[in-house]
C-alpha cells in the first residue's frame, strides 16, 4: 500500500502528545436570518475566535458577501478554544453539513452549547495539571526514578483502561473506514460519503547520493542541531486494537486486500450512495464523537501522570519519561539549495507514481433517509 495515503482518523488530536493547549478565546454559535422574510434558519456555524478578537468582529468578517443577517445565538469564553471547538465538531458530526456549518434544531443546538461549556469545565479543572505537564515536557529529566504513591498507581490503572477503551473505538472506526474503501471498488469515491483525490508525488532529494559523490560539499553544509529527545511510556502496556478486537482486525485485513491501490485504477465514476453506505457513514460519524471523548479522557489522565512525574526519569511501576538533550549533525538543505541549485537538481530522484488520498467525509452533506 505504498502509494495510498491513509486518513484513518480525522480527529486531529489523536496522536499528538500534549495536544490540549491552554489557549483562551471564544466559542460561538452563529445563525442566519433572512432580512426580508424574518425567517431564522436551522443552520448553525460553530467556530472559535482568539481572546483578543471579539465575536462581533468575527461576525463582521462572515457577514461580508452574505445576504442573510448573521446572529450571535450564543458565545462564551473558554480556556482552550482548539480543544472545545474540535470536540464539538466531532461530537455533532452527524449534524455537520459542510465546513463549520451544522443543521440543528433548538434542542440539538442547546445540547451543543451545553457540551462546549462542559468540556471547558473539564479543561479548567485540569488547568494546573496541564500547565505542570507542559512545563515538564520542555525540561530534561534530571532526577532519578522515584517510588509511586497509591494514588499514582491508581492513575496508571485508569490510564490503561482509558487507552484500551480508545483502542476499541478506533478498531471499530478503522473497520468501518476500510469497509467503505473496499466497497468503493474502482470508483472515484462514494457520493457524499467517501472522497478520493490524486496525490502527485514530488521528486525526492538524494542526500545519500550527494554524500557519496561529493563528500566535501556535503560536509560543508552539515550543521550542529540540538534538541530535546523525549520518550514517554506507561509501565503497563495498553493492549493493541488487534488484541482487543481480533474479529474487527480480521475483517479489516480482508477489506484492505480489496482496496484499490493506485490512482490510475480509479477509472470508474463516483459510486452511488446506497442506504447501506449511508448507515456505515452514520456509524462512522457517531464514532467520531465517542473517540473525541475517549481521547480527551486519556489525555487528561496522562497529563496527571506527567505532572506528577515532573523532571524525574519516571515513577516506579507507573511510567518512564526520558527527556535528554541530543546534539547531532544535520544537513542544511535550504542553504545547499540556495548555493548549489544545479547540484540539487542533479541529485533529485524521479517522482514516485501518483498516490491516493482517501477519506471518509467528516460531515453529511445529504439528507438522511
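The values are calculated or read from the model by the stated rules, or taken from the named source; none is laboratory data. All values reported here derive from a predicted model rather than from experimental measurement. Neighbour counts run over all protein chains shown; Cβ positions are idealised from the backbone, glycine included.
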Given (1) in contact with a strand residue (DSSP E or B) (Cβ under 6 Å, 6 or more places away or on another chain); (2) over 30 Å from residue 369 (Cβ atoms), identify the lone condition not met by residue 268.
(2)
Taking residue 251 as the residue in question, decide whether it is at pLDDT below 95, surrounded by 14 or more Cβ atoms within 10 Å (Cβ to Cβ) and not in a strand (DSSP E or B).
no
For region 1-15, state whether one or more residues are exposed (fewer than 14 other Cβ atoms within 10 Å of the Cβ), modelled with pLDDT of 90 or more and in a loop (DSSP other than H, G, I, E, B).
no
Unmet criterion (only one of (1) surrounded by 17 or more Cβ atoms within 10 Å (Cβ to Cβ); (2) in contact with a strand residue (DSSP E or B) (Cβ under 7 Å, 6 or more places away or on another chain); (3) within 30 Å of residue 199 (Cα to Cα)) for residue 232
(3)
Please indicate, with yes or no, whether at least one residue in region 281-302 is assigned to a helix (DSSP H, G or I) and over 28 Å from residue 116 (Cβ atoms).
no
From the options 176, 153, 180, residue that is assigned by TED's automatic domain parsing to the domain that holds residue 301, out of contact with any strand residue (DSSP E or B) (no Cβ under 8 Å at 6 or more places or on another chain) and either part of a helix (DSSP H, G or I) or closer than 27 Å to residue 90 by Cβ (or both)
153
Residue check: is residue 191 touching a strand residue (DSSP E or B) at 6+ places or on another chain (Cβ under 8 Å), over 30 Å from residue 328 (Cβ atoms) and modelled with pLDDT of 95 or more?
yes
So residue 188, is it in contact (Cβ under 8 Å) with a residue 60 or more places away in the chain and in contact with a helix residue (DSSP H, G or I) (Cβ under 6 Å, 6 or more places away or on another chain)
no
Considering residues that are surrounded by 13 or more Cβ atoms within 10 Å (Cβ to Cβ) and closer than 30 Å to residue 221 by Cβ, the number found within region 340-354 is 7
Please enumerate the residues belonging to region 335-369 that are within 24 Å of the chain's Cα centre (by Cα) and in a strand (DSSP E or B).
355, 356, 357, 358, 359, 360
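A quick yes/no check of all residues on (1) under 30 Å from residue 366 (Cβ atoms); (2) surrounded by fewer than 17 Cβ atoms within 10 Å (Cβ to Cβ); (3) in the same structural domain as residue 254 (by TED's automatic domain parsing):
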position: 114; (1), (2), (3): yes, yes, no
position: 159; (1), (2), (3): no, no, yes
position: 166; (1), (2), (3): yes, no, yes
position: 169; (1), (2), (3): yes, no, yes
